[in-house]
Amino acid sequence: MSIDMGKPSTAGQAPGTEEPPDTGVRAPVAGDRHRLTALQGLAALSLDAMASVAYGPESIVLVLAAAGAYGMGFTLPVTLAIAALLAVLVASYRQVIAAFPDGGGSYAVAKRHLGRRTSLVAAASLILDYVLNVAVSVTAGVAALTSAFPELYGERVWICLGVLVLVTAVNLRGVVESAKAFLVPTAVFVGSILAMVVVGLFRDGPVSYASAAGHASALGEGATAVGALLLLKAFAAGCSALTGVEAVANAVPSFRAPAARRAQRTEVALGALLGVMLIGLSILIGRFHLQPVEGVTVLAQLADASFGHNAAFYVVQFATMVLLALAANTSFGGLPVLMSLLARDNHLPHVFALKADRQVHRHGVVWLALVSALLLVFSGGDTNTLVPLFAIGVFIGFTICQVGMVRHWYGERPRGWQAKAALNGFGALLTGVSAVVVTATKSTEGAWLIVVALPLLVLGFEKIHRAYTEIGERLELGRIPQAPHRSRSVVVVPVSGLSRLTGQALNAASSLGDDVLAVTVTHPAPEDHQTTEALKRDWELWKPGVELIELSSETRSLGRPLAAYVRKLAQAHPDAQVTVLIPETEPAHLWQRLLQNQRGSVVAHAVRRDTDAVICRLRFRITADTR
């Protein structure tokens with residue numbers, strides 16, 4: 001058995017280095033059919049950002065509603081400020097993609113320019129955001145479904161888990177398969193929102209308010225002043241629409257060559273579509289003089305006012321419901337790639353760096369699904385329980401990334417670097433202020449959990465890194481080992497009876513060692529004494545040329561007596577390599593394996609725990625034609 005405790009392979013690239021950005025057309029790369037085009041990347045990695053238009057404008061409106069109708073007049077200015085920040089972020093992440101084509105986004109930028117500890121903070125914030133995005137997206141989509149069909153409300157947790165299983169299954173088939181599956185829902189949603197904006201801007205005639213009829217208004221009364229703090233809170237709340245903008249930069253390796261160029265196009269397309277939709281919806285809010293009401297979303301009111309209460313209204317609602325539920329796909333596209341980079345740098349178990357046949361980081365996908373399922377069960381499928389925890393992590397990642405890019409421009413100093421650094425510095429200021437405001441305003445709603453979880457994740461990364469460092473030192477990784485030499489080998493074979501399996505085990509042991517010892521554990525009970533005597537008698541008749549050693553156990557323990565014997569054997573032969581060869585059967589059918597007594601696992605555990613002997617588990621496969 002070979003166990004690689006070193007760093008996972010990164011296609012010949014030394015850890016901590018990055019390949020230059022894509023500057024031209026490359027030859028086709030093997031496995032490219034399992035990677036994304038720009039259009040597929042927009043479907044696979046932008047669902048989170050696209051779906052945020054369903055709650056981004058509403059978050060702004062709900063905050064400004066505290067100042068009454070006068071406060072609602074600031075919806076468009078606040079949205080324009082968010083759109084300006086979006087433009088800054090898109091421009092920044094285009095540069096991040098070019099400078100860091102291996103993916104990782106904020107983590108990669110911080111690792112190079114701000115130090116390892118800061119990069120771990122960025123990685124932890126992104127992990128928290130991605131996990132929460134899955135839970136929030138699924139619960140929001142299911143909430144839209146249960147609003148239309150109230151009889152399903154009591155089953156919302158099971159529905160959430162069902163949606164999660166569906167998204168996970170699609171992603172386990174590959175990122176391209178997920179992009180193909182979600183391309184149509186994305187196109188329907190974007191098309192319906194853009195159509196709603198166009199129709200609403202040019203609509204002339206009576207406006208339908210049927211969806212809001214009979215619902216209590218959430219508008220503040222008698223307020224005529226809007227303070228800076230209220231505007232800042234509205235800005236911070238609306239910035240939830242920016243979650244998911246970083247996903248493309250995190251998943252650059254998932255694109256076809258030239259990966260960086262395709263990822264940049266996807267980032268720009270995402271920013272343009274998101275900006276147009278946000279600004280368009282805010283203009284409609286002012287044009288139709290909408291007010292937030294309890295039980296009806298602002299997006300539903302806008303669809304009602306633009307299209308009327310007809311089939312088009314329900315198309316928008318259905319498309320929103322589907323996209324919200326599937327927005328979790330963004331996390332499945334970005335987080336496994338980020339976790340693979342952390343694993344490559346020894347901050348997560350190396351298993352997260354492994355890829356399946358379809359370029360899938362399967363272990364990262366499964367881990368994300370399991371943690372998200374726990375969150376869904378913990379929250380009871382309630383969106384309001386999870387939303388206060390959402391978006392804090394992504395703002396921290398934004399800020400770190402922007403500061404890192406300022407350091408990048410200062411160090412590289414290309415032509416026009418001052419303007420680029422100023423742009424990133426301004427973005428860092430805006431996102432940093434937003435992170436502080438969101439954390440402070442939502443601390444009583446559970447945001448403190450993120451403040452606690454963030455440093456705990458960083459400490460976990462550090463502990464894993466120290467463990468890998470210690471293992472590397474023990475294995476003397478990077479050093480030339482001593483020349484191999486042959487030493488005497490003693491192989492111990494536990495047996496409980498004579499069978500074809502026993503013969504196969506002794507044959508294998510004779511090939512491995514100079515000396516072979518068969519060991520059986522006996523008990524003083526009368527019925528066991530008869531079995532032991534029968535084994536000894538059969539052994540003498542068989543004459544395999546291997547000594548059978550009897551170990552007595554008063555407590556019917558199997559592993560401890562054997563481990564004690566192996567330990568004494570090692571002390572008696574300090575220059576010999578002691579190997580314990582454990583013969584086991586492997587039935588043809590999975591259900592038949594449940595019938596096994598698991599003695600091999602018991603013996604292996606005891607020997608591994610109490611001795612330094614090498615353990616070899618010999619599997620004898622039983623097939624239909626075994627003779």
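Of all residues in region 247-286, which are of a type in the set (A, V, I, L, M, F, W, C) and surrounded by fewer than 19 Cβ atoms within 10 Å (Cβ to Cβ)?
Selection gives 257, 268, 269, 272, 276, 279, 283.
Quick one: count up the residues across region 233-256 that are within 21 Å of the chain's Cα centre (by Cα), of a type outside the set (Gly, Ala, Ser) and within 18 Å of residue 271 (Cβ to Cβ).
8
Which of the following residues is more than 23 Å from the chain's Cα centre (by Cα), part of a helix (DSSP H, G or I) and buried (at least 20 other Cβ atoms within 10 Å of the Cβ): 85, 80? Before you say what the answer is, go through the steps one by one.
Numbers: 80 fails: buried (at least 20 other Cβ atoms within 10 Å of the Cβ).
Testing whether each residue is more than 23 Å from the chain's Cα centre (by Cα), part of a helix (DSSP H, G or I) and buried (at least 20 other Cβ atoms within 10 Å of the Cβ) leaves just 85.
Being small (Gly, Ala, Ser), touching a Pro at 6+ places or on another chain (Cβ under 6 Å) and assigned to a helix (DSSP H, G or I) narrows it down to one residue among 467, 505; which is it?
Just a single option satisfies the conditions, and that option is 505.
Considering (1) free of Cβ contacts under 8 Å to residues at least 60 places away in the same chain; (2) farther than 22 Å from residue 553 by Cβ; (3) crowded, with 17+ Cβ neighbours inside 10 Å, say which one residue 518 fails and leave the rest.
It is condition (2) that residue 518 fails.
For residue 485, are the conditions met, namely being over 25 Å from residue 620 (Cβ atoms), surrounded by 15 or more Cβ atoms within 10 Å (Cβ to Cβ) and either at pLDDT below 85 or not assigned by TED's automatic domain parsing to the domain that holds residue 607 (or both)?
When the stated conditions are applied, residue 485 does not pass them.
I'm checking my understanding of the structure. Among residues of region 354-376 that are small (Gly, Ala, Ser) and surrounded by 24 or more Cβ atoms within 10 Å (Cβ to Cβ), which one is modelled with the highest pLDDT?
Among those residues, the one meeting the criterion is 372.
Assess whether residue 380 counts as being surrounded by 24 or more Cβ atoms within 10 Å (Cβ to Cβ) and either out of contact with any Pro (no Cβ under 7 Å at 6 or more places or on another chain) or modelled with pLDDT of 85 or more (or both). Spell out how you get there, then give the answer.
On the way: surrounded by 24 or more Cβ atoms within 10 Å (Cβ to Cβ): no; either out of contact with any Pro (no Cβ under 7 Å at 6 or more places or on another chain) or modelled with pLDDT of 85 or more (or both): yes.
Taking the combined requirement at face value, the residue does not satisfy it.
Is at least one residue of region 438-447 β-branched (Val, Ile, Thr), under 27 Å from the mean Cα position of the chain (by Cα) and under 23 Å from residue 79 (Cβ atoms)?
For region 438-447, residues β-branched (Val, Ile, Thr), under 27 Å from the mean Cα position of the chain (by Cα) and under 23 Å from residue 79 (Cβ atoms): present.
Determine whether region 385-407 contains at least one residue that is surrounded by fewer than 19 Cβ atoms within 10 Å (Cβ to Cβ), under 25 Å from the mean Cα position of the chain (by Cα), modelled with pLDDT under 85 and closer than 30 Å to residue 168 by Cβ.
Yes.
Working only within region 539-557, note down all residues that are under 16 Å from residue 494 (Cα atoms) and at pLDDT 80 or above.
Listed by number, the residues that qualify are 539, 544, 545, 546, 547, 548, 549, 550, 551, 552.
Can you pull out the residues in region 396-422 that are free of Cβ contacts under 8 Å to residues at least 60 places away in the same chain and small (Gly, Ala, Ser)? Break it down stepwise before answering.
Step one: of region 396-422, the residues free of Cβ contacts under 8 Å to residues at least 60 places away in the same chain are 399, 406, 409-410, 412-419, 421-422.
Selection gives 416, 419, 421, 422.
Restricting to region 301-329, name every residue that is buried (at least 19 other Cβ atoms within 10 Å of the Cβ) and over 23 Å from residue 163 (Cα atoms).
Of everything in region 301-329, those that are buried (at least 19 other Cβ atoms within 10 Å of the Cβ) and over 23 Å from residue 163 (Cα atoms) turn out to be 301, 302, 303, 304, 305, 306, 307, 313.
Looking at region 287-300, which of its residues are part of a loop (DSSP other than H, G, I, E, B) and surrounded by fewer than 18 Cβ atoms within 10 Å (Cβ to Cβ)?
Scanning region 287-300 gives 289, 294, 295.
Hey, which of the strands (runs of 3 or more DSSP E) in region 531-623, taking only ones fully inside, have at least 3 residues that are surrounded by 12 or more Cβ atoms within 10 Å (Cβ to Cβ) and touching a Lys or Arg at 6+ places or on another chain (Cβ under 9 Å)?
Values: elements: 547-552, 577-586, 614-621.
Passing ranges, in order: 577-586.
Identify the residue in region 237-268 that is of a type in the set (D, E, K, R) and not in a helix (DSSP H, G or I) and, among all such residues, is modelled with the lowest pLDDT. Walk me through how you get there before you give the answer.
Residues of region 237-268 that are of a type in the set (D, E, K, R), as a first pass: 246, 256, 261-262, 265, 267.
Filter once more, keeping what is not in a helix (DSSP H, G or I): 246, 256.
Details: 246: 78, 256: 81.
Across region 237-268, the extreme among qualifying residues is 246.
The values are calculated or read from the model by the stated rules, or taken from the named source; none is laboratory data. Since we're looking at a predicted model, the values are computed, not measured. All Cβ positions, even for glycine, are placed from backbone atoms using ideal geometry, and neighbour counts span all protein chains on display.
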